[in-house]
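Shown next, in structure tokens, is the structure this report addresses.
The values are calculated or read from the model by the stated rules, or taken from the named source; none is laboratory data. Bear in mind the structure is a predicted one, so any value in this text is a computation, not a measurement. Every residue, glycine among them, receives a Cβ derived from its backbone with ideal geometry; neighbour counts consider all protein chains shown.
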Amino acid sequence: MPFDDLLLWIVTRHKTGMLHVERGAIRKLLAFEHGALQYGSSSDPREKLGQQLLRRQLVSEGQLRGALQRQEHSGIQLGILLVSEGIINSEQLRRSLCANSEQIACDLFLWDEGDFAFHEGPPGGIPLRANLDTRAILELGVRRRERAGRIREAFRGDAVSFTKLVDTPPPADRLRARILELAQAGCTLREIVRQSPAGEFDVADYLLALCELKVLRPAAR
């Protein structure tokens, strides 16, 4: 069953329950109430809340590392710990959790195989109700999959490296600045992904945008 059809079934039937999806070692959970996505979690390290906070530049790598160490000893949820210590505020936490849930769902559009189970009933034990528009996520996920197809066509694998075409100032976003720096240094897509807290799609999507802007081009093999 394509993931598009699964989401469409959930939203049109106004389903309430927990969707469990797995592929290999990756486990994901999406919670729905009356067809609206309320929460997402993932065992993929790049889809953890801490990585979302890094991407949104709400915490530094040092702050995140220290908070994770304190969380390990206290058992307090990472988001609650960061709010209680004044590193982020409750609204920043809410927006980050919503963005992370959306990303976890959208990434499933890139899976070409996997197993799922939907368990009906009120979802319990989730830290907030995001109340995200599942139809909008469906449209976003389809566009993400189409973009992924253009990335595959342009790069032909993650061993691609890049050639700088013009000098350009680094972007204000420090994560994108790091991606550009690594690409200009001759790193392959695989190496850039390994050194970035962003997911593989986000890294490749940004690099493709730079190629489309004639800032970089895929290096000849």
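Odds and ends about this structure:
- Annotation: LEU208 fulfils all but one of (1) more than 16 Å from the chain's Cα centre (by Cα); (2) within 27 Å of GLY40 (Cα to Cα); the unmet one is (2).
- Here THR188 passes the criteria (1) polar (S, T, N, Q); (2) closer than 20 Å to ARG46 by Cα; (3) modelled with pLDDT under 95 except the one numbered (3).
- Cβ pairs under 7 Å, 6+ apart, first in segment 4-21 and within 12 Å of GLU120 (Cα to Cα), second β-branched (Val, Ile, Thr): ILE10/THR134
- Residue within segment 155-163 that is under 18 Å from GLN57 (Cα atoms) and touching a Pro at 6+ places or on another chain (Cβ under 6 Å) present: no
- Entirely in segment 128-221, the helices (runs of 4 or more DSSP H) that have 3 or more residues that are among the charged types (D, E, K, R) and exposed (fewer than 14 other Cβ atoms within 10 Å of the Cβ): 134-155
- Residues located in segment 44-95, provided they are closer than 28 Å to GLY24 by Cα and among the charged types (D, E, K, R): ASP44, ARG46, GLU47, LYS48, ARG55, ARG65, GLU72
- Some residue of segment 83-93 being at pLDDT below 95 and under 19 Å from ARG194 (Cα atoms): no
- Any hit, segment 34-50, residues being outside the structural domain of ILE192 (by TED's automatic domain parsing) and in contact with a Phe, Trp or Tyr (Cβ under 6 Å, 6 or more places away or on another chain): no
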